[in-house]
Each structure stands twice: as C-alpha cells, then as structure tokens.
Amino acid sequence: MIKISKQIHFSYTKRPKIIAEISGNHGGSKAKFLRLVNLACLNGADLIKIQTYEPKDITTRGKSKHFYIEKGIWKGEHLWDLYNDACTPYKWHKEAFDIAKKHKKEIFSSPFSKRAVDFLEKLKVKLYKIASFEITDLKLINYIASKKKPIIISTGMTNHQEIKRALKEIRKFHNKIILMHCVSSYPTKLEETNLSKITELKKKYKNTLIGLSDHTSDIISSVASVPLGVVAIEKHFKLNDNQQTSDSSFSITPHKLKNLKENTEKIYKSITSIKQNKDKINIRLRRSIFAKKDLKKDQIISEETIHTLRPNIGICASNYFLLLGKKINKKIKKNHPIFFKDIK
C-alpha cells in the first residue's frame, strides 16, 4: 500500500484511484487551465496531474529534421513549438494547487527537469509522475527519487530491461512505486490497448503496484481494467468535445470522467469478496434433513423415512446419502428436523 493522504491510498484492497491529466488541454489559456483543475475536482477525480516544464526543459530550437515529428497526430510539428504551446507555465502552478487544496484533492506533476523538481518541492507536492518518454533518463529519475516521495511511472514504448533499470534507480532511495501500463499511441485504438499486459506486469513485478494510463478517446478500456486489479487509472481531461488542443483527441470530458468514477466504484464493489450479514441470514434458507413420517427408536433411515426441506435447522441436506442405512436412537415426529445427536 502507498499512502498519499488520509483520503488517498493506492492498494489492491482499495478501489482504483482516478487521475485526471490536464496536460496541454488548456490550449495556452490560464483561465482554461484553472477551470480544468476545478472541473476535475468536481467530477470524480481523486487526483489531478499536470506537467511541469517549459520548452527549454525538454529540447532546443534545433532546426534539423531530427527536431520535427514525422508521424502521428503531431506530424510536421517542430518540438520547440509543440512544447511551447502545450506547456503549463510555472507561474500558473500555485493557483492550481490552491484550487485542489480547496476541494481536498491531491495535485501532482510530471517534472521534466531538475529545475522542475526543485520548483515542485517548493509547492510541497506529495508524489511524482515519470512520463514514458523519460523512463530512460536515469539522471532525472535519480533526482526525483532522491526526494523520497511516491513515484508513478508510465511504461509506454518500454521493454523489461528499461523498466528494471528505472526501478533499480528509484530503489536506491525507496520502494514507493506504481507502474502504469501504457500504450504510447495517440490516440490509442481500442484493439491496441493490450490490457493483458496488466496481468503480465503484476506477475513480473510482484512487489510493485500496477495501474493504467489510458490514451484511448473513451473510458471502455479504463473500466475494463478494474477486474484486472489496477490501483490507479489515468485519463487525459478536456473541457468539452469541441476543444481542439494537442491532447484533445485522446482526452475525456467532465461527463465521461464522472461516468468513469461511478462505473469504477460499481465494478469494484461487485468483484470484492466482502462477507455481508445478508449472506449469514440467507444461509439459513438452505435445506436440512427432516423426518418424512413419524419415526420409531432404532428405525433404519431410508428414502421413505427422511426428506430435505427448508430451512437449515438440523443436519445439512448434503449429508442425505450418508444417513441412509443408519438407525434413529429416539422417536422423531413427522416433519421434525433430525440432528446428529439423534443418530446412532
């Protein structure tokens, strides 16, 4: 179990926690950014995640072909320009943290530089996220881990060797880690979600909690992950379906976020094995063995002398065949229950 606050515990014995990722869905507007944080708090998010970087924390203004994206939804974009449009300026952070605190929600971030980590430490962030693209940046991972706070890691594009290296670096400082199954395809098609990887990760990393970072445009795969035993579900979050930003095609609206939270709670309740008092009451409605007619002392029990009826008062009906051929040691009236003490 990983405890973040009184309200937030990541554990296989708790329902999955819902993380709303704001990312670049503010479209460069501070007002939209703060509104997104507020709406995430109001529509079921247990935690709100943002990204802490400015372009210089990730790339340079290089103009060679290597700095242009060749495929996918960001095809043709220059890295500096893409990150400049999608970044959440440092000066916006404090108000977002204040909004989350007002709603008694946890807000945390993916830092993309040592500078970003130092900035988040001043805001007293309680956990960190390492993005899939940064899982091989062991220097950054080492610095984040040195703060000894829980870390969530996305595993998109990775192999097990890369995951193990990242885990080894973090475990120099602590073992409070959540691995998130993730497909780094934007948006991810439903048939590409490969949710069976969750089971594989749970088997391979038995001492590490497993969650899901879902880049599909809907909540189907997120809901489907609940019976697989994830501790967290992360979804990108946008204002509405009319919004056009760098991440909007694989983000969900407030309505869908609320549905995700509600469905997650319902499904988790349906699969947890909690012993309820109603079970104990209803078990009395099972059948037990009764005298089919008046029985005399020393009478041999046969199919003509006993039958099974509700409720479960005497000998359980499952012992019916074991009683055949045995003797009664006392008189028993018709339709009275038979107890083991009545059998020789």
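For this structure, a couple of remarks:
- Residue count for region 118-155, restricted to those that are β-branched (Val, Ile, Thr) and surrounded by fewer than 20 Cβ atoms within 10 Å (Cβ to Cβ): 1.
- Residue satisfying condition, being modelled with pLDDT under 95 and either within 25 Å of SER146 (Cα to Cα) or assigned to a helix (DSSP H, G or I) (or both), within set HIS93, HIS66: HIS66
- Yes/no for ALA40 being touching a Phe, Trp or Tyr at 6+ places or on another chain (Cβ under 6 Å), crowded, with 17+ Cβ neighbours inside 10 Å and among the small types (Gly, Ala, Ser): yes
- Of all the criteria given as (1) modelled with pLDDT under 95; (2) touching a strand residue (DSSP E or B) at 6+ places or on another chain (Cβ under 6 Å); (3) aliphatic (A, V, I, L, M), the one not satisfied by MET157 is (2).
- Cross-chain or 6+ apart pairs with Cβ under 8 Å, region 68-84 first and among the β-branched types (Val, Ile, Thr), then surrounded by fewer than 13 Cβ atoms within 10 Å (Cβ to Cβ): ILE69/LYS75; ILE69/GLY76
- Looking only at region 156-195, and only at residues there that are in a loop (DSSP other than H, G, I, E, B) and of a type in the set (Lys, Arg), the one that is surrounded by the most Cβ atoms within 10 Å (Cβ to Cβ): LYS176
- One residue from ARG61, ARG15, ARG35 being outside the structural domain of SER249 (by TED's automatic domain parsing) and either at pLDDT 90 or above or more than 27 Å from the chain's Cα centre (by Cα) (or both): ARG61
- Every listed requirement among (1) surrounded by fewer than 21 Cβ atoms within 10 Å (Cβ to Cβ); (2) touching a residue at least 24 places away in the same chain (Cβ under 8 Å); (3) not β-branched (Val, Ile, Thr) is met by PRO111 save one, (1).
- Residues of region 3-22 that are over 19 Å from VAL125 (Cβ atoms) and in contact (Cβ under 8 Å) with a residue 40 or more places away in the chain: SER11, TYR12, LYS14, ARG15, PRO16.
- Test: residue in region 79-94 that is on the phi > 0 side of the Ramachandran plot, over 25 Å from the mean Cα position of the chain (by Cα) and either of a type outside the set (A, V, I, L, M) or buried (at least 16 other Cβ atoms within 10 Å of the Cβ) (or both): no
- Helices (runs of 4 or more DSSP H) contained in region 226-344 and holding at least 1 residues surrounded by 17 or more Cβ atoms within 10 Å (Cβ to Cβ): 254-271, 320-323
- Take the conditions (1) assigned to a helix (DSSP H, G or I); (2) of a type in the set (D, E, K, R); (3) at pLDDT 95 or above; LYS49 misses just one of them, which is (1).
The values are calculated or read from the model by the stated rules, or taken from the named source; none is laboratory data. Just so we're clear, the structure is a prediction, and the values are computed from it rather than from any experiment. Cβ coordinates were reconstructed from backbone atoms using ideal geometry, including for glycine residues, and neighbour counts include every protein chain displayed.
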